[in-house]
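Everything on this sheet refers to the single structure shown next.
None of the figures in this text is laboratory data; all of them are computed from the coordinates on show. These numbers were taken from a predicted model, which means no experiment stands behind them. A quick note on method: Cβ atoms are made from the backbone with ideal geometry, for glycine too, and the neighbour counts reach across all protein chains shown.
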Amino acid sequence: MKQYNWKKTLLNTGIVVAAASAVNAVSADEQQWPTKYTAIGIEGNYNVAAEGATEDRFDNLDNYFEYGVSLHRRFNPKTSLRLQYANAESDTTNSDNPIDIERVQVGIRRHADEEPSAKWRSFAGIGYDYVEYDVDATNRQVDENAVYAEVGLQRLLGARALVEVGTRVRVEFDDLYVDGQPFVGLQYLFGREYPAQPEVIVAAPAPAPMDTDQDGVIDPMDQCPDTAVGVLVDEKGCPQLLTKTIQKSLYVEFDLNKTIVKRASYSEIEEFANYLKQYVNSELVLEGHTDSSGSDNYNMRLSEARAAAVKRVLVEQYGIDANRIDTVGMGETQPIADNSTVDGRAQNRRVEAILRGSYTEAARK
């Protein structure tokens, strides 16, 4: 019955666990390099076996691939320790006997100072290498002791994973032959420590200058410190003024051949008088009109009298300055309806008042 190889089972389990952890940690984001960490890793390498390595103990070895699991401890930004167990299978070059190979390496690495923005970081290391060869055909075991030197590059893959590539040179103690060992590895990091961030001292902000009326201009520069809220101001804090045109019309109808203002029209005239009082710089023109009944001269005098009647109501009833009101008779020259109908002639018997002027007010936001 073939003996159960517990070492190979343990090695395979460690490789699967380390690979799954490292792949799970990979991220596309750039990450900061930790100054200290512990890591478990997997490694694959290719051993170039030197001629004469086995001498008379057994035939020389074919070159072979080897894979293993490793443990790393980085003590500071420049120094780390590495321990690795690896397993491989090969054949003898002459007798073609299968050989099981187990290897243990322990070494120290020196990491170079590099720019923080560099994606790849270099390292170099030395260490001890112990190998045990099991020859299946003869059931013999041969031990080998060696030292190695290595150089390589590392790169972070996200926050918890890094990849490394490099090569080792092994020198065996007894026969002093030299083997080559290019390698590639993947590590999962935990127990990470990062450089302390410099303390940022934020100076207390200077007190904001006062703006009492909240118009956006500070008090020392505000020449109009009592501006109402919401008013647009200039660079001196004074209101920006807008000029607006006043234009409002009044329409008063009269009975046939009459110049008496009807009481029904007083409410409209009063409303119009209030505009005159509100806008004191405005001016008023009252235009009198008639229908087509009567002669032209009669209609002209009648239209003037109607305009004068409305003016008297504004002056006597509502206190408007007479000098602000001009009157003019238009006779029958400007009808607004058909003089051939009763309703049309009633509409044409009228006084129209046109208020015109301008005023300024503060522009608002």
Listed by chain and number, the residues whose amide H is under 5 Å from that of Thr327, excluding neighbours fewer than 5 places away on the same chain and using placed H, are Leu286
How many angstrom lie between the C-alpha centres of segment 274-311 and segment 86-165? 115 Å
Quickly work out the Tyr194-to-Ala346 label distance, labels modelled 7 Å from Cα along the C-beta direction, and quote it in nm with one decimal. 9.1 nm
Exactly which GluC sites (Glu not before Pro) in segment 145-224 are in a DSSP loop and have at most 15 other Cβ atoms within 10 Å? Glu199
May I ask you to work out the translational diffusion coefficient for segment 117-198 at 20 °C, viscosity 1.002 mPa s, via Stokes-Einstein with Rh from the Kirkwood sum over Cα pairs, reported in whole µm²/s? 137 µm²/s
Shape verdict for segment 240-362, please, from the Cα gyration tensor: rounded (a/c under 1.5), prolate (a/b greater than b/c) or oblate. prolate
Multiplying the sequence separation of Ile108 and Thr38 by 0.36 nm and subtracting their Cα-Cα distance, what value in nm do you get? 23.8 nm
Built amide H within the under 5 Å cut-off of Ala161, gap 5+: Leu189
Distance in nm between pseudo-label sites at Asp136 and Ser267 (7 Å out along the Cβ direction from Cα): 11.9 nm
Packing-based exposure ordering (other Cβ within 10 Å, fewest first) of His111, His72: His111, His72
